Amino acid sequence: MRKLPPAHRLRWMRALLLALPLVSLPILYAALGAARSPPGRPQQQQQQRRPPEPPPRLAYLITGAGPGDGPRIRRLLRALYHPWNCYLVGVPGEDDRADLEAFVRGQEAPRRYGNVRVADAGEWGAVSRRGPTELAATLHAAAVLLREFEGWSWFINLSASDYPLMPQDDILHIFSYIPRDLNFIDHTSSIGWKEYQRARPIIVDPALQVPNKTEVITTKEKRSLPSAFKIFVGSSWVVLSRSFLEFCLLGWDNLPRTLLMYFTNFLSSSEGYFHTVICNSEYYQNTTINSDLRFMAWDNPPLTHPVNLTTEHFDSMANSGAPFAHSFTNDSPVLDMIDTKLLGRAPDRFTPGGWCLGSSVGGKDPCTFIGRSFVLWPTKGSAKLEKLLLKLLEPVVFRGQNVDEIVLIVAAVGIQNSSKCRNAVKPVTVLQYKGRSSRMGRKAGALYINPKKFGAVAKPCMVEMVAFLNCLALNKQEDDKCVRQKDLLVMCTQTQKGKPKNAAKTINYHLQRLGRDKFL
């Protein structure tokens, strides 16, 4: 190799000496920072940099009752659409089906995300409203949603006569804070007159064999009520969790299939099947919230169907906090008020949200430019839905995402979310409400329970312990009203493997915070 002259070697040495501080400075800074930072700092920074969880997806089933519902469904789709959700549209007529397919293909956002699907003729046909074909079509539609769309958390069924009362960003924002196994279903075991008009008659639904026949045939024979399960009825409009629908369609238990055979001879079976399954299932009976999240107005005395909503009901609808309303006539003036004042939607346009990047200045469509589908811009109206859910979920355990404590709300009001599915003690529902534990904990007095103090033995008995403490607080610490909860708690601690003394010590610690004496 040819040696460099002395002058060139001197020039390279000067350049190397000048560059050495620039190279060593970042290394020295990193070493000093690592020495000064506490041991848990890198892990905390990693947790802080962790991206937030995406909001839940909603799977909508939108159905038309008959020919001519195409324009109503198009308007409903524009008001409901969000690229993060998925939609299945079922209409019986070929003309309406072709019209809706052309509408979906002509819209940029549904075409880009592929989250709107019009059911084929074999997937949705003419159904009888009082027969089991409507229930069969709903189950088939749920199976299609499970097969073709992944990752959704709740199933919501709507008809052409329904309409949303708030943007999808508000619904997704609030639903991202609640457990994804909750089921919003209006139900009761007091069937009353429905026993003789729906449960006992034996019917034949000709739509099962002949597509154009939708009138149910009732025979003279009657049948007795079943003894293997208890019948529950309620609203046919539901918000069901994905896990419960998988249980109904792919369940490991024979209960859904047994009840499906029974409800094929039940008038208006869609108003009783899901209600009876969920309330007779030991896996899901404690996941029910007794509400369908719909605003409806009834006559006095109430008739079979709710009244059609008009502009007179607008203030009640807007203040109800319900995300949906039922029912509206075609092109009712109140729909224009909802679009303008609640949804912020212009005619023949989608409801704007965080996924719309365009400007609305000068009457422009902000959804012309499409952004990320999971970005949410909730409005002030989301607080009304939050208030409604808090009312439905009281008293309840709130667990904040950034709080190490579980807050037990001790409310003086009645337990509105207690299901009538069974008479046994219902465990407290755990609600993951991010960043709201401190505010909720001040409501009507709260007991803070630190889960870090729970040993391996105490964790399995956590539900029993919270139920017992909740009973004491609600009954002003009267032991005679909480005997069952106490027995369940003692039984749980005695049957756990390990050291029962650890569980007893933990429970006694929290009882002393209530001013109680030890009982274990």
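Between E215 and K380, with labels modelled 7 Å along Cα→Cβ, what's the label distance in nm to one decimal, could you check?
5.4
What is the diffusion coefficient of region 176-273 in µm²/s, taking the Kirkwood radius over Cα pairs and the Stokes-Einstein relation at 10 °C with a viscosity of 1.306 mPa s?
It comes out at roughly 105 µm²/s.
For a quick check: with amide H placed at 1.01 Å from N, whose amide H comes under 5 Å from N157's, ignoring anything fewer than 5 positions away on the same chain?
Correct list: L61, V238.
Considering the dipole of region 266-365 built from charges on the beta carbon (Lys and Arg +1, Asp and Glu -1) around the Cα centre, which of A322, L343, S359 is farthest to its positive end?
Result: S359.
What is the order of R75, R372, fewest Cβ neighbours within 10 Å to most?
Listed from fewest to most nearby Cβ atoms, that is R372, R75.
Measure off 7 Å from each Cα along the Cα-to-Cβ vector at K222 and S243, then give the distance between these two points in nanometres to one decimal.
Each label point lies 7 Å from its Cα, and together they span 4.1 nm.
In whole Hz, what ³J(HN,Hα) sequence does region 360-373 give by Karplus (6.51, -1.76, 1.60; θ = phi - 60°), x for Gly and Pro?
9, 5, x, x, 6, 8, x, 8, 5, 9, 9, x, 6, 6
Around V118, which amide H atoms from residues at least 5 apart in sequence, or from another chain, sit under 5 Å from its own amide H, with H modelled in the peptide plane?
V89
Taking each pair of distinct Cα atoms in region 96-149 once, what is the resulting Kirkwood hydrodynamic radius in Å?
Computed over Cα pairs of region 96-149, the Kirkwood hydrodynamic radius comes out at 12.5 Å.
Counting other Cβ atoms within 10 Å, keep those with at most 12, restrict to DSSP loop, and tell me which chymotrypsin sites (Phe, Trp or Tyr not before Pro) in region 157-200 are left.
W193
What percent of all Cα-Cα pairs in region 221-262 falls into each 10 Å bin, going from 0 up to the bin containing the maximum distance?
Whole-percent P(r) values from 0 Å outward: 21, 47, 27, 5.
Out of region 121-228, which GluC sites (Glu not before Pro) are coil in DSSP terms and have no more than 16 other C-beta atoms within 10 Å?
Of the GluC sites (Glu not before Pro), the ones in loops of region 121-228 whose Cβ has at most 16 other Cβ atoms within 10 Å are E123, E150, E215.
For D331 and E148, calculate 0.36 nm times their separation in residues minus their Cα-Cα distance, and state this gained length in nm to one decimal.
Contour length minus Cα-Cα distance gives 62.6 nm.
So between T188 and E94, what do we pick up on full extension, going 0.36 nm a residue minus the alpha carbon distance?
Result for the pair: 30.0 nm of gain on full extension.
Using DSSP to call loops (not H, G, I, E or B), can you name the chymotrypsin sites (Phe, Trp or Tyr not before Pro) in region 287-364 whose Cβ has at most 13 other Cβ atoms within 10 angstrom?
Listed in order of number, the matching sites are W298.
Modelled label-to-label distance, N254 and K364, 7 Å Cα→beta-carbon offset: nm?
Once both label points are built, they end up 6.4 nm from each other.
FRET efficiency for Y196 and A121, Cβ-Cβ distance as r, R0 = 30 Å, nearest 0.05?
It comes out at approximately 0.20.
For S316, project a label point 7 Å along Cα to C-beta. Then give me every residue of region 230-258 with its amide nitrogen under 20 Å of that point.
Answer for region 230-258: 235-237.
Work out the FRET efficiency for Q107 and K387 from their Cβ-Cβ distance, taking R0 = 51 Å, and round it to the nearest 0.05.
Computed FRET efficiency for Q107 and K387 comes out at 0.90.
Give the long-range amide H neighbours of I289: residues separated by 5 or more places, or on another chain, with amide H under 5 Å away, using H modelled in the peptide plane at 1.01 Å from N.
The answer is N183, F184, I185.
Over the Cα atoms of region 181-336, what radius of gyration and what Dmax do you get, in Å?
17.6, 50
No value in this document is a laboratory result; all are computed from the given coordinates. Remember, predicted model here, so these are calculated numbers, not experimental data. Using ideal geometry, Cβ is built from the backbone for each residue, glycine included, and neighbour counts are taken over all protein chains shown.
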